[in-house]
1. Within region B:64-96, what residues put their amide N at less than 13 Å from the label point 7 Å along the Cα-to-Cβ vector of B:E42?
2. Using only atoms on other chains, find how many Cβ atoms lie within 10 Å of each Cβ of peptide A:270-281 and report the average.
3. With both bridge residues required to lie in the protein assembly as shown, what share of the DSSP beta bridges run antiparallel, to the nearest 5%?
4. Using only the Cα atoms of chain A, each taken as one equal point scatterer with no solvent, compute I(q) by the Debye sum, divide by I(0), and report log10 of the ratio at q = 0.07, 0.14 Å⁻¹.
5. Which residue, A:I246, A:I28, A:I99, tops the fluctuation ranking in a GNM of chain A built on C-alpha contacts under 10 Å?
6. As a test, work out the antiparallel percent of DSSP beta bridges whose residues both lie in chain A, rounded to the nearest 5.
7. Can you list residues whose amide H is under 5 Å from B:D113's amide H, if they're 5+ apart or on another chain and H is modeled 1.01 Å from N?
8. In a shell of Cβ-Cβ distance under 13 Å around A:R203, excluding A:R203 itself, what net charge do Lys and Arg (+1) and Asp and Glu (-1) give?
Amino acid sequence: MTDTVLSSATREVVIGFERPFCVIGERINPTGRKKLAAQMATGDFSQVEADALAQVAAGASMLDVNAGIPLTDEPAILAQTIQLVQSLTDLPLAIDSSIVAALEAGLAVYQGKPLVNSVTGETERLEAVLPLVKKYNAAVVAISNDETGISEDPDVRFDVARKIVEHAADYGIARADIVVDPLVMPIGALGNAGKAAFHLIRRLRTELKVNTTCGASNVSFGLPNRHGMNAAFLAMASGAGMTSAIMNPLHPEEMAAVRGADVLLGHDQDCRRWLRTYREPAPAGSVAEAGRRERRRARPSA
Amino acid sequence: MAETDDLDLRSLDDDELVKQMQDDLYDGLRDEVEEGVRILLERGWTPYRVLTEALVAGMTIVGVDFRDGILFVPEVLLAANAMKGGMAILRPLLAETGAPPMGKMVIGTVKGDIHDIGKNLVSMMMEGAGFEVIDLGINCAVEKYLAALEEHKPDILGMSALLTTTMPYMKVVIDTLKQKNLRDDYIVLVGGAPLNETFAEAIGADAYCRDAAVAVETAKEWLARRHNQRTAAA
């Protein structure tokens, strides 16, 4: 049982083995979104605002914030974006950049305990990112590849993940503060990508005892009906023990898969969150609408 | 949530307390319902009045909202569990004071069938409505029904089946009752997902009950009808 505790100034979110699946909203990311990139580069954050609020409303547990726009001052934009998003929501954030200076700029302005996204198993990256994670008391996403690249053998990737955990321990970073990304490959290109991912997720959970995350839409790359494939993957990955994903909470199929997996794994007592989310609204003027839901005493929150 | 524990049930007058208990029942708050029952008893309410005005009235609301698709199975089970908590306090007192039960029912899921959620809902809703319920559980052979009918002399026999392969067993039970000339001693109600009115009629049951709330309404209706017939005959 491993709990990764993230926070904003006023709210805690826990990624854990016996917790509801943590949905990390991926929308605030200009990569591949030309219009958003152009806006952010000129200091227009209106789309960022809209994306933040929409993802919160859709049920995200955390938000990922990325400001990777070529030929701009990424550290400054990332810091500014983080401050803006933190003023809009109390959900904890993942600070997402491949540039160490940008991670540091984000960490410096962040209120609470964020998730740093990410570090790989490459020695140079470990030595640059882990000290920051320690300095700012953050948690970190660890991607299971290293100098040799991404192995197709899940057991090799397991060894990379273990190396990162051990390395982090040298810096005084607890295993609970490392969330491993097993790197899910497109199933359309690699027929064993699903089985390899589930095998690795199980090992990471039972042997290395770490929480896990991944980019949930990678698996369906190059296929039609990607939402259907992503949903199947998320439910199965959750069943194998994955505890979070960086994904688009605006897609109802994927969210239903995650919420359904929570119910089936016993992480949604009495189906309360499922009911709250999917109960049809009471018809206008009915007794239910008129008052029965206006309770003077609330249920203990689920 | 912060306001959860703020409310002091003792500070409410009887009317407000009863309303609050119905809300708590609706929300499946067992401890709070039990506390409410104790307070009303301390204030001199008879156990029967607590049962009918607080608990049964509350479960009626739950039943209606379940029927209307506003509440779902997990919530009804939570409410029923809260009701059970209140009933556990009231039952011994009701027995002492000899309050009139609405009627008596023997219920069970038929032989070969192990589904019991729907049957349990009916049991709890019937108890909630003031019936005495003898629940025979699942996988009941005809002999088990007969023995229970003999022992408890209920007004109503309820049978449940969730499978098309087990529902014909209801006819076996009813035919056996007919052979023994016992059929008309009981109101026979049947229910379960694959059933319908036509099936109920074809096997010689008195009525098909679509869900737990309908079961309670149907049971009351048939009891009243039978009572009237007997009064007329006398």
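1. none
2. On the way: counts 8, 4, 4, 0, 2, 5, 0, 0, 1, 5, 2, 1.
The mean count of partner-chain Cβ atoms within 10 Å per residue comes to 3.
3. On the way: 6 of 49 bridges.
Looking only at bridges with both residues in the protein assembly as shown, the antiparallel portion is about 10 percent.
4. The calculated log intensity ratios at q = 0.07, 0.14 Å⁻¹ are -0.27, -1.07.
5. So, out of A:I246, A:I28, A:I99, the one fluctuating most is A:I99.
6. Numbers: 6 of 32 bridges.
If we restrict to bridges inside chain A, about 20 percent are antiparallel.
7. B:N139, B:C140
8. On the way: positive: A:R157, A:R162, A:K195, A:R202, A:R205, A:K209; negative: A:D153, A:D155, A:D159, A:E207.
Around A:R203, the surrounding residues sum to +2.
No value in this document is a laboratory result; all are computed from the given coordinates. Note that this is a predicted model, so its numbers are computed, not measured. All Cβ positions, glycine included, derive from the backbone under ideal geometry; neighbour counts span all protein chains shown.
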